[in-house]
1. Of these, SER62, SER109, which one is exposed (fewer than 11 other Cβ atoms within 10 Å of the Cβ), among the hydroxyl-bearing types (Ser, Thr, Tyr) and within 26 Å of GLU133 (Cβ to Cβ)?
2. Pairs needed: first member in the stretch 75-104, within 30 Å of LYS130 (Cα to Cα) and surrounded by 15 or more Cβ atoms within 10 Å (Cβ to Cβ); second member anywhere, modelled with pLDDT of 95 or more and of a type in the set (Lys, Arg); C-beta distance under 6 Å; at least 6 residues apart or different chains.
3. With the requirement that a residue be in a loop (DSSP other than H, G, I, E, B), modelled with pLDDT of 95 or more and closer than 16 Å to PHE16 by Cβ, what does the stretch 33-62 give you?
4. Of all residues in the stretch 25-40, count the ones that are over 22 Å from LEU108 (Cβ atoms) and hydrophobic (A, V, I, L, M, F, W, C).
5. Would you confirm whether or not the stretch 131-145 contains a residue that is within 18 Å of ILE31 (Cβ to Cβ), touching a Leu at 6+ places or on another chain (Cβ under 6 Å) and either among the small types (Gly, Ala, Ser) or at pLDDT 95 or above (or both)?
Amino acid sequence: MERIDLDLYLKQATTFRFVNEAGFSDEDGIIRSSYRYVGDEVFFAGHFPGEPIVPGVILVESMAQSCRAWFNWRLGKKAGGFIASIERVKLIKPVRPGDVIDMQAKPLSVLDDGATSSRFCRFSCSSMCKDEEVAKASMTLYQSI
């Protein structure tokens, strides 16, 4: 597995980065990444007091950042872009402070716009915690070149 340097390929500042490490395996075409929700993240204060859980949108963002790191790594630079679509999101189990999430994403297709100024890629993603699936989604990311 080849390690992806997140500082080189993610634009998110560490205060809004939800991936600790990422890598890609040419053998199976899978992006593997992880993140540990420490418990001092600002969103835990209000979601929910006394019984904090990671907001679903943050779990989706974690998966998207893993995909973005690979997409930019493949291009060889920290490119601009955004999430173009998110489909079939399933939030299966709550994630709590201290939990480590192991994510996998499979790039399904890269679509160039024909002018080499931008492209899209579809991904199938899943997140596991303690060997149980906690979230999954399909998403398309846009990348400006």
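The values are calculated or read from the model by the stated rules, or taken from the named source; none is laboratory data. Everything numeric here is computed off the predicted structure, so don't read it as measured data. Don't worry about glycine lacking a Cβ; one is built from the backbone with ideal geometry, like all the others, and counts go over all protein chains shown.
1. Numbers: SER62 fails: exposed (fewer than 11 other Cβ atoms within 10 Å of the Cβ).
That would be SER109, the only listed residue that is exposed (fewer than 11 other Cβ atoms within 10 Å of the Cβ), among the hydroxyl-bearing types (Ser, Thr, Tyr) and within 26 Å of GLU133 (Cβ to Cβ).
2. If the second residue must be modelled with pLDDT of 95 or more and of a type in the set (Lys, Arg), the pairs left are GLN104/ARG32.
3. TYR37, VAL38, VAL54, PRO55
4. So the first thing to find is which residues in the stretch 25-40 are over 22 Å from LEU108 (Cβ atoms), and the list is 35-40.
The next check asks that each one be hydrophobic (A, V, I, L, M, F, W, C); those that pass are 38.
Count: 1.
5. Keep residues of the stretch 131-145 that are within 18 Å of ILE31 (Cβ to Cβ), which gives 133-143.
Subsequent filtering for residues that are touching a Leu at 6+ places or on another chain (Cβ under 6 Å) retains 135.
Okay, now just the ones that are also either among the small types (Gly, Ala, Ser) or at pLDDT 95 or above (or both), so 135.
Within the stretch 131-145, one or more residues are within 18 Å of ILE31 (Cβ to Cβ), touching a Leu at 6+ places or on another chain (Cβ under 6 Å) and either among the small types (Gly, Ala, Ser) or at pLDDT 95 or above (or both).
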